[in-house]
Amino acid sequence: MPTDIRPGQWVTVKITKRPQSKGGVKTLIRLFEKDRTAQRERQRLSRARVVRGHVRGGRIWHDRPARIVIPQIAAGTSCKLFASLDVLRELASVEKCVEITPA
């Protein structure tokens, strides 16, 4: 990881290659969901999805659909993140697959 990246600044993360492990892919998905565009899309989808209710045992139960994974993890995809300590720690675990530059 570049030494000029410090906690408290904005960074641009670009995927250079897809991680081989499932854990690496999940880490990148978790990081890319912190991007503002992904958060806006998540809010839009949560408002648009239908939550159905049915009666079971005299109570109303709500059937919520499963969460949709928004970010696509492929080479060339990029996002802008706030470099907090937890984000930098996770970026260090997948540094072979990403390119990190100050935004």
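Is it the case that some residue within region 22-37 is of a type outside the set (Phe, Trp, Tyr), in contact (Cβ under 8 Å) with a residue 12 or more places away in the chain, more than 16 Å from residue 11 (Cβ to Cβ) and touching a Lys or Arg at 6+ places or on another chain (Cβ under 8 Å)? For region 22-37, residues of a type outside the set (Phe, Trp, Tyr), in contact (Cβ under 8 Å) with a residue 12 or more places away in the chain, more than 16 Å from residue 11 (Cβ to Cβ) and touching a Lys or Arg at 6+ places or on another chain (Cβ under 8 Å): present. On the given criteria, is residue 97 surrounded by 15 or more Cβ atoms within 10 Å (Cβ to Cβ), under 23 Å from residue 10 (Cβ atoms) and either under 15 Å from the mean Cα position of the chain (by Cα) or without any contact (Cβ under 8 Å) to a residue 40 or more places away in the chain (or both)? The answer is no for residue 97. When we screen 63, 35 for residues that are loosely packed, with under 10 Cβ neighbours inside 10 Å, acidic (Asp, Glu) and out of contact with any Ser or Thr (no Cβ under 7 Å at 6 or more places or on another chain), the only hit is 63. On the stretch given as region 58-94, residues that are among the β-branched types (Val, Ile, Thr), free of Cβ contacts under 8 Å to residues at least 40 places away in the same chain and either touching a strand residue (DSSP E or B) at 6+ places or on another chain (Cβ under 8 Å) or under 16 Å from residue 7 (Cβ atoms) (or both) total 1.
Bear in mind these aren't lab numbers, they're just calculated from the coordinates by the rules spelled out. For clarity, every value in this text was computed on a predicted model and none was experimentally measured. No Cβ is skipped: glycine too gets one built from the backbone with ideal geometry, and neighbour counts run over all protein chains shown.
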